[in-house]
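The values are calculated or read from the model by the stated rules, or taken from the named source; none is laboratory data. Just so we're clear, the structure is a prediction, and the values are computed from it rather than from any experiment. Every residue, glycine as well, gets a Cβ built from its backbone with ideal geometry; the counts of neighbours run over all protein chains shown. These area figures cover heavy atoms from the full protein model, side chains too; ligands, DNA and RNA do not enter into them. Shrake-Rupley method; radii C 1.70, N 1.55, O 1.52, S 1.80 Å.
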Amino acid sequence: MINAIQEYVTYLREIKGTSKNTEAAYTRDLKKAAAYLETQNITVPDAVTEESLLSYVRYLEEEQLSPATVSRNVAALHSYFQYLLEQKRIQQDPSENLKPPKVDKKVPAVLTVAEVDRLLEQPSRNTAKGMRDRAMLELLYATGIRVSELIHLKEKDVSLSMSYISCTEAGKERMIPFGETAKKALKIYVRDSRKELLKGKESDYLFCNCSGGSMSRQGFWKVLKSYALQAGITEDITPHTLRHSFALHMIQNGADLKVVQEMLGHSTISTTQIYLNMELNKLRDVYVQSHPRK
């Protein structure tokens, strides 16, 4: 099974142009499935049956994994066996009737504009680390990019003169503008802080850690949580919270849904629709509370 999985992952990367995050998740999920199936003495793809896959899904649910995680595993299995069928490695797709569990769509956690303002004011303006952190937070909120995109930005991906960044995922490039506040923070970081943090090292990446290496997701997460605590934000905050806040605040201020979709890099408008629904629900609540003939 493992060899077939490796071939499939290569196909995702080289032919489908799948994002690195999706590739890593599918690899992890399929290897876990292969390990389970081996305990059932199933070691080759054409020995997998619908019953064995149903048994595996039940096993995942008994492990108390979230419905979203189980659904992702089911999606990985569907994609994998469809690939094997197209390659004529199997005669029938055993995952054809496999159904994912129902996933309740959670309303994304967002910050108010006042909370964002407090958060972005926390980094020091007088230290190299503080200037870097301010630039990262300002850029994250200004563009709504993912934290993985933020930490992988290279110097060439940022145009300070034109005030935009370039992000590429799954072979698709999108250009995202940013405002004067983020531009000012970036200029200060590049001019006064970046060389000090690099400690004489060379790096293509825009943001680096205090040892001169590239920033990690975990490193930025710790930075964000520290500043959230200083800002008096008690809710559990993640880098994605700023992405959600960016999207909702844009829509609240009249941005077109299609434009927000393009900036976020959503493949379908339905994913972006949740932010519009949040705003409509808020308006409905205000109406119910305020209108004399509600």
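Could you list, in sequence order, the residues of segment 154-204 that are surrounded by fewer than 17 Cβ atoms within 10 Å (Cβ to Cβ), of a type in the set (S, T, N, Q) and under 17 Å from SER124 (Cα atoms)?
THR181
What about ARG28, is it open to solvent by 20 Å² or more (accessible area, probe 1.4 Å), of a type in the set (Lys, Arg) and in contact (Cβ under 8 Å) with a residue 40 or more places away in the chain?
No; evaluated as a whole, the condition is false for this residue.
Given segment 1-120, what helices (runs of 4 or more DSSP H) lie entirely inside it while holding 2 or more residues that are modelled with pLDDT under 90 and on the phi < 0 side of the Ramachandran plot?
2-11, 20-39, 50-62, 67-86
Could you look through segment 73-110, keep only residues that are touching a Pro at 6+ places or on another chain (Cβ under 9 Å) and open to solvent by 80 Å² or more (accessible area, probe 1.4 Å), and pick out the one that is farthest from THR10 (Cα to Cα)?
ASP104
So which residues in segment 164-194 are part of a loop (DSSP other than H, G, I, E, B) and under 23 Å from the mean Cα position of the chain (by Cα), if there are any at all?
Across segment 164-194, the qualifying residues are ALA170, GLY171, PHE178, GLY179.
Residue check, LYS129 against (1) part of a helix (DSSP H, G or I); (2) more than 17 Å from LYS183 (Cα to Cα); (3) in contact with a Lys or Arg (Cβ under 9 Å, 6 or more places away or on another chain), all met but one. Which one?
Among (1) part of a helix (DSSP H, G or I); (2) more than 17 Å from LYS183 (Cα to Cα); (3) in contact with a Lys or Arg (Cβ under 9 Å, 6 or more places away or on another chain), LYS129 violates only (3).
On the given criteria, is ILE237 surrounded by 14 or more Cβ atoms within 10 Å (Cβ to Cβ), under 17 Å from the mean Cα position of the chain (by Cα), not aromatic (Phe, Trp, Tyr) and not in a helix (DSSP H, G or I)? It would help to see each step written out before you state the result.
Working: surrounded by 14 or more Cβ atoms within 10 Å (Cβ to Cβ): yes; under 17 Å from the mean Cα position of the chain (by Cα): yes; not aromatic (Phe, Trp, Tyr): yes; not in a helix (DSSP H, G or I): yes.
Answer is yes for this residue.
Can LEU37 be described as more than 23 Å from the chain's Cα centre (by Cα) and under 20 Å from LYS99 (Cα atoms)?
Yes.
Which one of the conditions (1) surrounded by 14 or more Cβ atoms within 10 Å (Cβ to Cβ); (2) touching a residue at least 24 places away in the same chain (Cβ under 8 Å) does GLN230 fail to meet, given that it meets all the rest?
Every listed condition holds for GLN230 apart from (1).
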